[in-house]
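First up is the structure itself, then whatever we jot down about it.
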Amino acid sequence: MNFTIRPIQVPGDYDRIARLFNSVYFEVKTADDLEREDRRIPTSANLKTNENGFITGFCRERAVAVDDSGYVLGFAQAWLAPWSTPGRLSSHVIVDSRYYSNGIGKALYLHLEGWARSMRASSIQTELKDHLPYALPFAERLGFNVRSHNRYSSLSTASFRMEPYSDIIPLLQRRGFQLCTWKEELAKAGTNLERLYNLYENTYIDIPGKTVPEYTLAQWAEALSQTDPELVLTVSYRNEYVGISHLEFKPKGNFVWHEYTGVERNFRGIQLAHVLKLWSIKKAIELGAERLITSNDIGNAPMIALNEKLGYRRIPGHYVIEKSFV
Ligand SMILES: CC(C)(COP(=O)(O)OP(=O)(O)OC[C@H]1O[C@@H](n2cnc3c(N)ncnc32)[C@H](O)[C@@H]1OP(=O)(O)O)[C@@H](O)C(=O)NCCC(=O)NCCS
């Protein structure tokens with residue numbers, strides 16, 4: 001099949017790109033969403049090289065594959081953001097499934113790789129759906145290695161029964177644990193964002209495969225400020241934060257994305273994560289969401305065991321793959 005790769009043209013390509021996104025991601029995007037996102041993103045690159053020789057700052061490349069009539073068959077983008085790991089570009093490559101096995105994905109990857117090398121990036125990473133049998137061999141042929149394997153799970157709110165767990169929350173409250181949303185915490189005198197960040201920092205590095213927190217305090221505070229404070233759930237004990245869950249409601253897809261749960265090491269194994277999970281299911285039901293969706297590293301045995309116990313069912317997940325240029 002004949003196709004060519006060209007830079008994206010906006011606003012004309014937004015609609016097809018949104019449809020391609022929607023074919024692989026849960027979050028439903030429209031052409032307007034993409035246009036709005038673009039307005040917040042700089043139009044030109046701004047890169048520096050840090051003391052270790054890695055690029056930092058911002059740069060982005062976007063391209064589409066089109067057939068002879070100009071119809072968009074696939075989309076690819078790669079970017080470095082100010083909060084990215086220095087040198088490591090992130091990317092998406094999405095091909096319309098009706099046109100798989102025509103070399104379009106490979107051509108888009110190679111296009112991104114050429115650009116990434118010209119930016120002096122050290123590596124490029126992307127995601128690949130784990131239920132496609134040919135996905136990994138394809139990535140390996142292109143020189144990628146698997147960095148992690150994320151398993152996705154979904155829980156239907158309609159079929160969830162809260163009654164068997166009705167004792168857990170009152171029991172922990174009687175033992176002195178306090179459950180508050182971040183909104184309630186913010187209304188209190190002396191709320192300390194840094195202490196909540198410390199909990200995130202201490203727990204994040206216990207996720208299998210993670211060795212450093214994904215965000216600095218400033219980046220994390222920025223992300224938190226953009227989250228609905230009613231959907232950040234905290235557990236405290238004697239004025240110390242010991243548990244946290246972050247949720248995001250996605251009204252277009254009518255689901256709650258369960259972004260994160262962390263429990264301080266000294267407080268594990270006493271059902272605090274159970275409490276946070278039950279509380280988040282209650283929130284999802286109150287919001288009228290059809291389901292909750294979450295993603296876990298395939299090696300995260302406690303979290304997967306807990307999700308399964310609550311009735312989460314496995315759905316296709318993804319591999320995070322990376323190709324190094326150094
Ligand atoms: C995952 C985590 C939140 C669990 O917190 P917790 O408060 O100890 O969890 P709970 O006590 O409520 O329940 C844990 C369940 O996992 C089970 N479990 C613990 N280790 C396990 C293992 N190695 N294999 C299988 N199940 C395991 C426990 O038996 C318990 O289930 P049970 O009560 O039915 O017996 C905590 O370990 C943590 O903060 N880890 C680091 C951050 C992280 O990985 N977060 C998830 C990514 S979003």
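The values are calculated or read from the model by the stated rules, or taken from the named source; none is laboratory data. These figures come from a predicted structure and were not determined experimentally. Note that each Cβ is placed from the backbone with ideal geometry, even for glycine, and that neighbours are counted across all protein chains shown.
Taken together, the criteria exclude Gly105 from residues that are in contact with a Ser or Thr (Cβ under 6 Å, 6 or more places away or on another chain), surrounded by 20 or more Cβ atoms within 10 Å (Cβ to Cβ) and more than 15 Å from Pro7 (Cβ to Cβ). In segment 16-44, of all residues being modelled with pLDDT under 95 and among the aliphatic types (A, V, I, L, M), the one that is surrounded by the fewest Cβ atoms within 10 Å (Cβ to Cβ) corresponds to Ile41. Being closer than 19 Å to Asn202 by Cα, among the small types (Gly, Ala, Ser) and either within 16 Å of the ligand (Cβ to nearest atom) or in contact (Cβ under 8 Å) with a residue 40 or more places away in the chain (or both) is a property that does not hold for Gly253. Looking at Glu222, Glu214, Glu264, Glu230, just one residue is surrounded by fewer than 15 Cβ atoms within 10 Å (Cβ to Cβ), among the charged types (D, E, K, R) and either assigned by TED's automatic domain parsing to the domain that holds Ala187 or within 12 Å of the ligand (Cβ to nearest atom) (or both), and that residue is Glu222.
Criterion applied to Thr203, Thr191 was being of a type in the set (Ser, Thr, Tyr) and more than 25 Å from the chain's Cα centre (by Cα), and the one residue passing it is Thr191.
Ala63 falls short on exactly one of the conditions (1) assigned to a loop (DSSP other than H, G, I, E, B); (2) surrounded by 18 or more Cβ atoms within 10 Å (Cβ to Cβ), and that condition is (1). Checking each residue in segment 123-144 for being within 22 Å of the chain's Cα centre (by Cα) and either at pLDDT 95 or above or among the hydroxyl-bearing types (Ser, Thr, Tyr) (or both) picks out Ser123, Ile124, Gln125, Thr126, Phe144.
Of all helices (runs of 4 or more DSSP H) completely enclosed by segment 208-326, which ones contain at least 1 residues that are charged (D, E, K, R) and within 14 Å of Ser154 (Cα to Cα)?
272-287, 301-310
Which of the residues spanning segment 299-319 are within 12 Å of the ligand (Cβ to nearest atom) and either surrounded by 15 or more Cβ atoms within 10 Å (Cβ to Cβ) or closer than 19 Å to Pro164 by Cα (or both)?
Of all residues in segment 299-319, those within 12 Å of the ligand (Cβ to nearest atom) come to 299-310.
Across segment 299-319, the qualifying residues are Asn300, Met303, Ile304, Ala305, Leu306, Asn307, Glu308, Lys309, Leu310.
Among the residues of segment 75-96, is there at least one that is touching a Cys at 6+ places or on another chain (Cβ under 6 Å), under 23 Å from Glu222 (Cβ atoms) and outside any loop (DSSP other than H, G, I, E, B)? Yes, segment 75-96 contains a residue that is touching a Cys at 6+ places or on another chain (Cβ under 6 Å), under 23 Å from Glu222 (Cβ atoms) and outside any loop (DSSP other than H, G, I, E, B).
Scanning segment 156-192 for residues that are loosely packed, with under 10 Cβ neighbours inside 10 Å, over 17 Å from Ala284 (Cβ atoms) and aliphatic (A, V, I, L, M) yields one hit, Ala189.
When residues in segment 132-162 are screened for being assigned to a loop (DSSP other than H, G, I, E, B) and closer than 16 Å to Lys277 by Cβ, 5 of them pass. State whether the residues of segment 165-173 include one that is of a type in the set (D, E, K, R) and away from the ligand (no atom under 16 Å from the Cβ). No: segment 165-173 contains no residue that is of a type in the set (D, E, K, R) and away from the ligand (no atom under 16 Å from the Cβ). Of the residues Asn50, Asn22, Asn46, the single one that is free of Cβ contacts under 8 Å to residues at least 24 places away in the same chain and touching a strand residue (DSSP E or B) at 6+ places or on another chain (Cβ under 7 Å) is Asn46. The residues in segment 119-155 that are loosely packed, with under 13 Cβ neighbours inside 10 Å and of a type in the set (Ser, Thr, Tyr) can be counted, and the count is 1. So which residues in segment 172-197 are part of a helix (DSSP H, G or I) and in contact with a strand residue (DSSP E or B) (Cβ under 9 Å, 6 or more places away or on another chain), if there are any at all? Leu172, Gln173, Trp182, Lys183, Glu184, Glu185, Arg195, Leu196 - these are the residues of segment 172-197 that are part of a helix (DSSP H, G or I) and in contact with a strand residue (DSSP E or B) (Cβ under 9 Å, 6 or more places away or on another chain). Please specify each residue of segment 85-98 satisfying the condition of being under 15 Å from Leu132 (Cα atoms), touching a Gly at 6+ places or on another chain (Cβ under 9 Å) and not acidic (Asp, Glu). Residues satisfying the conditions are Val93, Ile94, Val95.
Only one entry in Gly269, Gly243, Gly288 is more than 25 Å from Val146 (Cα to Cα) and more than 16 Å from the ligand (Cβ to nearest atom), namely Gly288.
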